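Reviewing the structure listed below.
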Amino acid sequence: MKKSFMIYGASGYSGQLVAEHAAIYGLQPILAGREAATIIELANKLGLPYRIFSLDRIEDIVHALTDVQLVLNTAGPFDDTVEPFLLACLQTKTHYLDFNGERKGFEVAQRFDQSARSAGVMILPAVGFDVVPSDCLALYLLKQLPDATDLKLGFATFPEAAMSRGTALTTLGQLGWPGMSRREGALVDEPIAKLGRLIDFGVSKVFSVSVPWGDLLTAYHTTQIPSIQTYFAASGAIFYVMKFQFLFNWILRMAWFKNLCRKWIVRNLIGPSRMQRMRSSSVVWGQVTNPSGESRQALIHCPEVYEVTYHAALLIAREVQAGNQKAGLQTPAGVFGDSLILSVPGTRRKDL
């Protein structure tokens with residue numbers, strides 16, 4: 001039986017955090033990616049095996065995964081990397097995890113659901129901050145109010161968190177496109193920041209705006225609640241920029257603009273330092289409401305988002321390697337339950 005665990009994109013910010021903390025969870029991953037020099041340097045530093053390959057040819061991925069039980073794909077943009085990995089994973093019967101929280105990547109994964117079930121392969125996207133805490137909170141709230149038909153989720157960081165290069169590049173890929181919400185079970189395009197509200201995150205009440213968070217897909221998959229809105233805490237200035245983004249979306253979609261931004265991101269962004277991560281925290285808020293108007297609210301207080309991400313990914317990887325998996329497209333709470341997030345050090349849940 002295959003037992004190997006691979007981290008692809010291990011030289012990136014999030015991938016390196018996962019690699020550096022794997023030993024805490026008793027895991028010895030194979031480090032992989034396309035950048036030979038950085039992968040080999042990290043592997044030598046951590047005393048771990050490595051493999052160098054790109055995602056350009058499916059046969060190369062298949063060859064690299066032949067003896068791998070589980071792969072964690074940390075290499076974004078996930079719009080580009082999900083499909084080649086899944087095509088290879090089905091051939092090698094390798095379980096698949098990633099950090100994707102975007103619509104297109106999840107919809108690609110949905111297309112492979114039936115094939116994965118037939119092959120006995122689990123596809124589990126979004127095993128980081130986006131969306132493990134919110135997915136667990138959505139399922140927890142549904143258990144409190146089983147006939148809920150409306151779900152609202154929001155998140156905030158205190159202070160505002162720095163962004164890694166990979167996250168910034170993924171965000172860049174979404175610029176210029178509309179937001180969305182879920183209504184009566186269907187995804188509906190709508191302007192970014194169409195809705196605004198004050199949310200009490202326990203630390204303080206913060207004005208928050210509607211954004212197309214990954215839970216519009218994953219929380220629906222987990223709970224089947226038909227109406228979902230997701231919110232992000234935003235300052236007044238950010239709110240107005242997002243509110244009137246539709247006026248210059250055509251520029252944001254231009255290739256020259258994206259290339260200019262991409263060059264700046266690659267030159268200037270790395271990710272938060274360890275000290276910054278230790279000083280930051282995150283909070284996820286949720287509310288469910290049923291047709292009678294009854295509602296339940298709760299908070300999940302978490303460490304900084306990248307701290308949550310590597311802990312959650314490694315917790316899940318350890319569970320999968322121990323045999324805890326389900327074939328087909330899954331979500332974190334759907335497989336591991338609403339208390340999964342409470343296994344991340346420094347996390348607590350509070351009913352409101």
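Does the range 106-123 contain at least one residue that is of a type outside the set (S, T, N, Q), free of Cβ contacts under 8 Å to residues at least 60 places away in the same chain, surrounded by 24 or more Cβ atoms within 10 Å (Cβ to Cβ) and farther than 13 Å from T218 by Cα? The answer is no; no qualifying residue exists. Filtered by the rule that a residue be more than 30 Å from F201 (Cα to Cα) and either under 10 Å from the mean Cα position of the chain (by Cα) or not aliphatic (A, V, I, L, M) (or both), the range 104-146 gives E107, Q110, R111, F112, D113, Q114, S115, R117, S118, G120.
When L342, L329 are checked against the criterion of being out of contact with any Gly (no Cβ under 6 Å at 6 or more places or on another chain), of a type in the set (A, V, I, L, M, F, W, C) and within 15 Å of S282 (Cα to Cα), a single residue qualifies: L342.
Applying the selection to the range 131-176, what residues are farther than 24 Å from S227 by Cα, at pLDDT 65 or above and hydroxyl-bearing (S, T, Y)? Result: T157, T167.
Here is the figure for the range 257-304: residues that are modelled with pLDDT under 90, surrounded by 15 or more Cβ atoms within 10 Å (Cβ to Cβ) and not charged (D, E, K, R) total 6. One residue is enough: does the range 19-34 have a residue meeting the conditions within 21 Å of V82 (Cα to Cα) and either in contact with a His (Cβ under 8 Å, 6 or more places away or on another chain) or among the hydroxyl-bearing types (S, T, Y) (or both)? There is no residue in the range 19-34 that is within 21 Å of V82 (Cα to Cα) and either in contact with a His (Cβ under 8 Å, 6 or more places away or on another chain) or among the hydroxyl-bearing types (S, T, Y) (or both).
Here E304 meets each of (1) in contact (Cβ under 8 Å) with a residue 60 or more places away in the chain; (2) more than 30 Å from K143 (Cβ to Cβ); (3) touching a helix residue (DSSP H, G or I) at 6+ places or on another chain (Cβ under 6 Å) with one exception, condition (2). Annotation: of all residues in the range 3-54 being in contact with a Lys or Arg (Cβ under 8 Å, 6 or more places away or on another chain) and touching a residue at least 40 places away in the same chain (Cβ under 8 Å), the one that is surrounded by the fewest Cβ atoms within 10 Å (Cβ to Cβ) is G26. One residue alone among Y25, Y8 is assigned by TED's automatic domain parsing to the domain that holds A317 and either touching a strand residue (DSSP E or B) at 6+ places or on another chain (Cβ under 8 Å) or under 14 Å from A64 (Cα atoms) (or both), and that residue is Y8.
Results for (1) part of a strand (DSSP E or B); (2) under 23 Å from Q224 (Cβ atoms); (3) outside the structural domain of G15 (by TED's automatic domain parsing), shown as yes or no for each residue.
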residue: M278; (1), (2), (3): no, no, yes
residue: V283; (1), (2), (3): yes, no, yes
residue: G286; (1), (2), (3): yes, yes, yes
residue: R296; (1), (2), (3): yes, yes, yes
residue: L315; (1), (2), (3): no, no, no
residue: E319; (1), (2), (3): no, no, no
residue: K326; (1), (2), (3): no, yes, no
residue: G346; (1), (2), (3): no, no, yes
residue: K350; (1), (2), (3): yes, no, yes
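Condition check: at pLDDT 95 or above and within 16 Å of T309 (Cα to Cα). Does L31 satisfy that? No: the conditions fail for L31. With respect to the conditions (1) of a type in the set (G, A, S); (2) in the same structural domain as P212 (by TED's automatic domain parsing); (3) out of contact with any Leu (no Cβ under 9 Å at 6 or more places or on another chain); (4) farther than 30 Å from P272 by Cα, G120 falls short on a single one, namely (2).
Checking each residue in the range 311-346 for being over 22 Å from G15 (Cβ atoms), buried (at least 18 other Cβ atoms within 10 Å of the Cβ) and polar (S, T, N, Q) picks out no residue at all.
Scanning the range 181-223 for residues that are more than 27 Å from R349 (Cα to Cα) and out of contact with any helix residue (DSSP H, G or I) (no Cβ under 6 Å at 6 or more places or on another chain) yields R183, E184, G185, A186, L187, V188, D189, E190, K194.
The values are calculated or read from the model by the stated rules, or taken from the named source; none is laboratory data. Since this is a predicted model, take the numbers as computed values, not measurements. Every residue, glycine as well, gets a Cβ built from its backbone with ideal geometry; the counts of neighbours run over all protein chains shown.
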